[in-house]
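Below is one structure; the comments refer to it alone.
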Amino acid sequence: MNHQPARRQPSPARTVVRYEQESVLSEEPTWLIAVRAAESKKAADIKVLDLTGITSFADYFVICTGANQRQCQAISDEVQLQLKREAGEMPLSLEGYNQAEWILADYGDLLVHIFSPKAREYYSLERLWRSAKPLEIPAA
């Protein structure tokens, strides 16, 4: 297998390395790959926010809820697996995995937030980023 890193145009001040595999990389946007992965692990209340032009550190947020610590971790694991497999993307950082109240996976232009129900209500990112455009998630 050829595992040569291939560079793509990163957001300003960020470097994202994509590892191309022999398989063909998906044409779906990374946020949709993350959504499908979260759906496959029964994540609840999945939202996608388009932050293009609003912030310089990310273009999209995927926000979802897991019922408990194990489910939040399973969602995170599946998102990481599918983004690696389908888009050749690995997270630049992963925060909060062990506690699993709020797992934050940073993929450069995409941030994936996986919350416990209590943390989702407390932090209320949709309210905090209300100027962002909510994206419609297409039917699978």
ask   = Counting other Cβ atoms within 10 Å, which trypsin sites (Lys or Arg not before Pro) in segment 42-140 have at most 13 and lie in a DSSP loop?
value = Lys42, Arg130
query = For segment 26-133, what ratio Rg/Rh do Cα atoms give with a Kirkwood hydrodynamic radius?
reply = 0.93
key: Assigned charges on the beta-carbon of Lys, Arg, Asp, Glu; segment 26-133 dipole about Cα centre (debye)   = 380 debye
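Bear in mind that the values in this text are calculations on the coordinates, not laboratory data. As the structure is a prediction and not an experimental result, all values here were calculated from the model. Every residue, glycine among them, receives a Cβ derived from its backbone with ideal geometry; neighbour counts consider all protein chains shown.
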